[in-house]
Amino acid sequence: MRIHKVKNYIVAGLDLGSLTAKTVIMDSSARILSSNVTQRGLIVDEEAAKESFKRALKEAHVSRNDIAFTVSTGYGRKIEGFGDKDVTELSCHARGAYYMNPDIRTVIDIGGQDSKIISLENDGSVAAFVMNDKCAAGTGRFIEVMSSALGVPLKDIGKLSLQSKKPAHVSSTCVVFAESEIISLVSKGVSKIDILAGIHTAIARRMYGLIKGVGIKDVVAMSGGVAKNEGVVHFLEKAIKSKIYLAKDPQIIGAVGAALFALDYAP
Amino acid sequence: MSDNKPKERKHNRVMATRAVNDAVEAYYEKCWADAEKGALTAWGEGIAYFPLIRAAGINYVFADAMSARMGARKFPYAKEAAADFGFLEETCSYARFHIGASRILKGDFPYDKSWDLKKIMAPLPDVYFNTDACSAGNTWGELLRRYLNIPVFTVFTRRVFTWGEIPPEDKHVVEQLKEMVKFIEKMTGKPYDWDKLREILGILKQSAAMRARLRDLMKLRPAPLTYFDVLSTFASFTILHGLPEAPKLLGDVVKECEERVAKGISGIKNEKYRLYWLGAMFWTKLGSMAEKFAQLDVTVVGGTYDFMFYPYPEEIDPDKPLETLAASATSCGYTLDNDNAAEIADFRLCKDLNIDGIIVYECHTCRMQSGSNHDRADYVARRLGVPITYVTGDFVDDAFFSEAQFDTRIEGLLEIIDARRRGK
């Protein structure tokens, strides 16, 4: 971990994921001044990135000219006009999580359209990682589609699934296959609560398979928007037999990591 | 990790490799011209027994290479023709493109006539040879037998083998090759030309020697060429092998690389990382991959795919032709047992190449070429203490490739290497 220069300046970290744009404004003592999460439609484009950046700047009471250095991360990290440098979300999530809790050695990041397991070195850098394949199975987009198919608002599905006494068996985390499986469960009269628990269990099962690719080391943290879903967290904890650390806002961890990298590079 | 600045071209392509493509095009045109004069054309799956067919004066076309060519040229109709025939996307893409080509050539599927088929595919075959490379290959041969009403000869190759040996119980491969010679004699109506076979193996030995020299040159730091340059010459083994122009083309590549070494010219502009590519290759993206890695200051210095066919020139013995061919089939990447493959095909090479990390390529429609790669990479990574990344794609079907995910995985690997270097 680098020691930052003793000088007053402000940096920004932008995490331009597949569904949301996240911005963190940070001062030279690595204090978070503001953060923002913006979602506009189903993909992050230049407009979403601009909006998130603008809102975060406003909240921190600074202007774009006050920013000494910006690092972008996420799938949109190469969108022109934002980052002075780009760093992968693997390194940024690792660093952001380590900043939140230096005991963290494993990060489970379930984002909008992919998922990653990141194993950390003792200094917070990436030791190894695995990612899902290119389809969106078991990711944030999958949960959104399932929530829509069941007609349950996204914000409610986590809590509701925790009420289940008998989670339904959902065998697939493929957006297409699971949707037809759910229609079949509904027609059989299985309750939405049990179906939701089944969906979250299926995600946990899939993630557990990925985790075995790098091994699990405590403390385990979860990042990304899906970490806000209590159901996924609960069933994942059961699957990995370990407590999961959650930051106050797990969705901005990548942007925090990006801002920390920006501190390294700031002139 | 990268600067968001405009990019200048950084892959310094070995110019002599361009001639390989011209030679392949000329070979396909020759196949068409010969066929019009009544010469036999063979298609086939697998590479080990090629010389046996070529020595009999039959124009042989390696099915995978033909599919790769269609993919690289972005010819869309072969894939569509296979889908129209009922082949799911999950089926081997080499097989799909090849079967699709047979439908187009037979006139059973429409295509845009502005495409010159003679430049990208061979004429319909008179015979199909199958080396039992995989289960898809066997089905594929059987389908073509029925669809085109042509004879098929299959050599069953037991796996898994230990490097460089033909165990006594597997002399049956040699016995099958003797049967294959009789089959060929029946097809051509001529006695088999054993002298020609020995001559072809002699040429192949020269080609293998040239490629071994290229592998040695890649051990230099910085390397004067990249693995993508080597793969640009791959057709010397898959299409042109045994033809006199193959060692000449490879010799020109060697010469250019040796001149580069003398002048201090490297394969990419600024070699900072050296990576090993474990697995097959996406042929539709060879050029763009070469540049993509060069932009990241990466020289991909070697890989497994070209290692599968005649990796050691000293093991080609023109005076023992059938034994040489059998040994080639039984000691290629996917007929070897994992320990042997990891130790010989990967570890020793990676150690000599001074690699910083491993890219494991998972080919979506070929489980056989992907299944053991994890174990092999793990074996090498543990012994050399280097990190691994896994990428997904396909031989020729772009539908299974996500550029954004690919970039993240490669850049993530480089960030691990950077972090380790900083920690030292």
Of the residues in the range A:234-267, those that are in contact (Cβ under 8 Å) with a residue 40 or more places away in the chain and of a type in the set (S, T, N, Q) come to A:Gln251
Please tell me if A:Pro153 is more than 21 Å from A:Gly209 (Cβ to Cβ), modelled with pLDDT of 90 or more and assigned by TED's automatic domain parsing to the domain that holds A:Ile110.
yes
Does B:Phe395 count as within 10 Å of chain A (Cβ to nearest Cβ), on the phi < 0 side of the Ramachandran plot and crowded, with 17+ Cβ neighbours inside 10 Å?
no
Consider A:Ile211 carefully, then state whether it is among the aliphatic types (A, V, I, L, M), touching a strand residue (DSSP E or B) at 6+ places or on another chain (Cβ under 9 Å), buried (at least 23 other Cβ atoms within 10 Å of the Cβ) and modelled with pLDDT under 90.
no
Could you figure out which of (1) modelled with pLDDT of 90 or more; (2) surrounded by fewer than 24 Cβ atoms within 10 Å (Cβ to Cβ) isn't true of A:Thr106?
(2)
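Here is a yes/no grid of residues against (1) in a loop (DSSP other than H, G, I, E, B); (2) at the interface with another protein chain (Cβ under 10 Å from one of its Cβ atoms); (3) farther than 29 Å from B:Met66 by Cβ:
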site: B:Lys351; (1), (2), (3): no, no, yes
site: B:Val386; (1), (2), (3): yes, no, yes
site: B:Ala399; (1), (2), (3): no, yes, no
site: B:Gly412; (1), (2), (3): no, yes, yes
site: B:Ile416; (1), (2), (3): no, yes, yes
Residue list for the range A:36-83, filter: in contact with a Phe, Trp or Tyr (Cβ under 9 Å, 6 or more places away or on another chain) and farther than 30 Å from A:Phe142 by Cβ:
A:Arg64, A:Asp66, A:Ile67, A:Ala68, A:Phe69, A:Thr70
Taking A:Val214, is it in a loop (DSSP other than H, G, I, E, B) and β-branched (Val, Ile, Thr)?
yes
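Table: residues versus (1) within 14 Å of chain A (Cβ to nearest Cβ); (2) within 27 Å of B:Thr330 (Cα to Cα); (3) surrounded by fewer than 18 Cβ atoms within 10 Å (Cβ to Cβ).
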position: B:Asn12; (1), (2), (3): no, no, no
position: B:Ala39; (1), (2), (3): no, no, yes
position: B:Ala55; (1), (2), (3): no, yes, no
position: B:Ile58; (1), (2), (3): no, yes, no
position: B:Val61; (1), (2), (3): no, yes, no
position: B:Met70; (1), (2), (3): no, no, no
position: B:Arg73; (1), (2), (3): no, no, yes
Selection within the range A:106-163 - farther than 22 Å from B:Asp378 by Cβ, within 12 Å of chain B (Cβ to nearest Cβ) and charged (D, E, K, R)
A:Asp109, A:Asp114, A:Asp123, A:Lys134
When you scan the range B:58-69, do you find a residue that is farther than 24 Å from B:Ala280 by Cα, touching a residue at least 60 places away in the same chain (Cβ under 8 Å) and not polar (S, T, N, Q), even just one?
yes
Hey, among the residues in the range A:50-91 that are assigned to a strand (DSSP E or B) and of a type in the set (A, V, I, L, M, F, W, C), which one's nearest to the other protein chains (Cβ to nearest Cβ)?
A:Val71
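The values are calculated or read from the model by the stated rules, or taken from the named source; none is laboratory data. These numbers come from a predicted model, not from an experiment. Because the Cβ atoms are built from the backbone with ideal geometry, glycine has one as well, and the counts that use them run over all protein chains shown.
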